[in-house]
Amino acid sequence: MASILHVSDVHFGPKHVAELSRAVLDLARCAGPSVVVVSGDLTQRAKPRQFREARAWIDALPAPVVLVPGNHDVPMYRFWERLLSPFGAWRRHFSPELVRDQILPELAVVGLNTAFAWTTKHGRVSRREVAELERRLTALPETTPRVLVAHHPLAGGSELAGEPTARGAEASLELCRRSGIGLVLAGHLHRGFWLPSPDGPGGPGPLVAHAGTATSTRGRGGERGRQSLQWIEVGARGELRIERRFWNRKRGEFVTEAVHERATRP
């Protein structure tokens, strides 16, 4: 059984709560996940100082980390940088690659970039990103459980409350069906929910699990003023157990308030 600590929308900058980022580190050190997933928006405004703080926090995590950028990790007001090098700061502070995969013996966690140069909020999945993802998936052992990480929503539903999916998302969902990805982890909406995606010709659709904001004051909807993250266990046959944990100030820890379980992948 592999375990994933899934956090999203940490927003280093004015909206970030340092106490909570320390709490995430404490949880990771205590629980010892197989991998930590950070599904975008590591910064509030893509400023160098915010990236330095985010990098220091990532380096302190005691497990392999999967990273993908969010729309807040692209400069908004520095138009020359947005035009000429929208991911320049990301590449300098993390790696030349925009996504960081982790391929473990018991689990493969792969990333998909849904942010782009002129994004102000919504996402996009390019054909090139999907083709590159397919190339990486093809190299994996067929029996290894697979998890995809993106920032923006890939599957629609009432849980999105009118928010659009990333443009071109259907191509990525079709790839999930063909390649046996049973779980997609995402963020962006600052509230957590679990959403089954539709089946298609390629096979059953993956479960999409959105995380709220783990370390900022930007929670929305039913999570306004709250912070949450997800603890996930994945079995060798696609079994899933997902706990949505909320910050409990009195107890000084993230506490489970909802659980989703699936016996095997459909």
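Numbers for the structure displayed
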item	result
Those residues of region 96-147 which are under 17 Å from the mean Cα position of the chain (by Cα) and loosely packed, with under 15 Cβ neighbours inside 10 Å, in sequence order	Glu97, Lys121
Residue match in region 201-210 (condition: touching a strand residue (DSSP E or B) at 6+ places or on another chain (Cβ under 6 Å) and under 22 Å from Leu27 (Cα atoms))	yes
Failed item, numbered, when Leu189 is tested on (1) closer than 28 Å to Thr264 by Cα; (2) touching a Phe, Trp or Tyr at 6+ places or on another chain (Cβ under 8 Å); (3) part of a loop (DSSP other than H, G, I, E, B)	(2)
Any chance Ala46 is among the small types (Gly, Ala, Ser), over 16 Å from the mean Cα position of the chain (by Cα), in a loop (DSSP other than H, G, I, E, B) and modelled with pLDDT under 95	yes
Test: Arg22 is within 28 Å of Arg124 (Cα to Cα), surrounded by fewer than 20 Cβ atoms within 10 Å (Cβ to Cβ) and among the charged types (D, E, K, R)	no
Odd one out for Asp41, checked against (1) part of a helix (DSSP H, G or I); (2) charged (D, E, K, R); (3) closer than 30 Å to His122 by Cβ	(1)
Unique match (being in contact with a strand residue (DSSP E or B) (Cβ under 9 Å, 6 or more places away or on another chain), part of a helix (DSSP H, G or I), over 21 Å from Val255 (Cβ atoms) and modelled with pLDDT of 95 or more) among Ala23, Ala54	Ala54
Given (1) over 19 Å from Gly123 (Cβ atoms); (2) surrounded by 19 or more Cβ atoms within 10 Å (Cβ to Cβ), number of the condition Gly205 does not satisfy	(1)
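The values are calculated or read from the model by the stated rules, or taken from the named source; none is laboratory data. Keep in mind the model is a prediction, meaning the values are calculated, not measured. We place every Cβ from the backbone using ideal geometry, glycine too, and count neighbours over all the protein chains shown.
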